[in-house]
Amino acid sequence: MPILESGEWRIDYLDEGQGPPVLLIHSASSSYKQWRPLIDTLSQSHRVLAINLYGYGETSPWPADRVQTVADQLEIVLALMDHVPGKLSLVGHSLGAVLAMEAALCRPEQVEKLIMYEPNPFHLMRDHGLDEAFAGMVGLMDTVQSLHEQGRSEEAARHFIIFWSDEAGWNAMSAKRQATLAQAIGCSIHEGRALERNTTSMQVYASLSMPTLLMYAADTNPVIAQVLRLLEKGCPHWQVAVQPEGGHLAPLTHPEQVNAVIQDFLEH
């Protein structure tokens, strides 16, 4: 796997295939491995890059005592974009979809297409009067952080995953996968707090004019559904694709149905 050195950071990423470039950005508590089925498909006709965010794989960890912002996460995404000549398309899931949006705002001239599965800019709920839902997201992060700081990282990871899926989803995971999630939960806390502090307005997101696809599942988490409704209303020029099932974690649990839509949007 290639490593890109950028300032104080080591950035771990995959680079496979040839053709129009596509950059994949993973969700919280995941890694670029979540995109393996999509990489295998797209790399037959595209150059596919997939980044590991801070603390995943061989990418430098985020300092535990340092406040993280979306701009900090964006720094390494933009560094990898600098490594690609010409235009590219961006694909992101959840946190990764927020970073894809923010990268497209920074480099609109470089982004050919933007594809997002259930982006989670939950600060928009705070900005649009959805105080109870915003407090619910902050409460999630408070609980996860508290459990982690008590040394109960597996409980923290379990709480986090059940929020985004359900208890059956957690129980269906292998012990190895559960342990990996527990090990990464500190990264997710930094990421969640960065999203909480984000300030990008809906008006700014609506300025994105490249071909953009917003994807979500009809049975998704009711909290994230409120964020998605805000985005759908605030950005009516975006194309929307609703998956019949799979919830927030569909790119991991239902990759065939999600990836088929992504591939179709990239190729047409």
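Data for the structure
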| read-out | value |
| --- | --- |
| Of all residues in region 235-262 being touching a residue at least 60 places away in the same chain (Cβ under 8 Å) and surrounded by fewer than 17 Cβ atoms within 10 Å (Cβ to Cβ), the one that is farthest from Ile115 (Cα to Cα) | Thr253 |
| Failed item in (1) without any contact (Cβ under 8 Å) to a residue 40 or more places away in the chain; (2) surrounded by 20 or more Cβ atoms within 10 Å (Cβ to Cβ), with Leu231 passing the rest | (1) |
| Failed criterion for Ala225 (all others in (1) without any contact (Cβ under 8 Å) to a residue 60 or more places away in the chain; (2) exposed (fewer than 13 other Cβ atoms within 10 Å of the Cβ) hold) | (2) |
| Any hit, region 91-98, residues being surrounded by fewer than 17 Cβ atoms within 10 Å (Cβ to Cβ), outside the structural domain of Ser188 (by TED's automatic domain parsing) and either at pLDDT 95 or above or not in a helix (DSSP H, G or I) (or both) | no |
| Selection status of Met101, within 27 Å of Thr199 (Cβ to Cβ), in a strand (DSSP E or B) and among the hydrophobic types (A, V, I, L, M, F, W, C) | no |
| Any hit, region 75-86, residues being in a loop (DSSP other than H, G, I, E, B) and either within 19 Å of Ile185 (Cα to Cα) or under 18 Å from the mean Cα position of the chain (by Cα) (or both) | no |
| Every residue from region 128-146 that is more than 19 Å from the chain's Cα centre (by Cα) and buried (at least 16 other Cβ atoms within 10 Å of the Cβ) | His128, Leu130, Ala133, Gly136, Gln145 |
| Where Val67 falls short, out of the listed (1) in contact with a helix residue (DSSP H, G or I) (Cβ under 8 Å, 6 or more places away or on another chain); (2) β-branched (Val, Ile, Thr); (3) outside any loop (DSSP other than H, G, I, E, B) | (3) |
| Yes/no for Gln73 being in contact with an Asp or Glu (Cβ under 8 Å, 6 or more places away or on another chain) and outside the structural domain of Ile185 (by TED's automatic domain parsing) | yes |
| Search result, residues across region 33-62 that are buried (at least 17 other Cβ atoms within 10 Å of the Cβ) and either within 10 Å of Glu16 (Cβ to Cβ) or not assigned by TED's automatic domain parsing to the domain that holds Glu256 (or both) | Ile39, Leu42, Ser43, His46, Arg47, Val48, Leu49, Ala50 |
| Residues that are without any contact (Cβ under 8 Å) to a residue 40 or more places away in the chain and in contact with a Leu (Cβ under 6 Å, 6 or more places away or on another chain), drawn from region 36-58 | Val48, Leu49, Ala50 |
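Residue by residue, here is whether (1) outside the structural domain of Ile25 (by TED's automatic domain parsing); (2) at pLDDT 95 or above; (3) over 13 Å from Ser94 (Cβ atoms) holds:
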residue	(1), (2), (3)
Leu214	no, yes, no
Pro222	no, no, yes
Leu228	no, yes, no
Gly234	no, yes, yes
His237	no, yes, yes
Ala241	no, yes, yes
Pro244	no, no, yes
Leu249	no, no, no
Leu252	no, no, no
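The values are calculated or read from the model by the stated rules, or taken from the named source; none is laboratory data. Predicted, not measured: the structure shown is a model, and the values here were computed from it. Because the Cβ atoms are built from the backbone with ideal geometry, glycine has one as well, and the counts that use them run over all protein chains shown.
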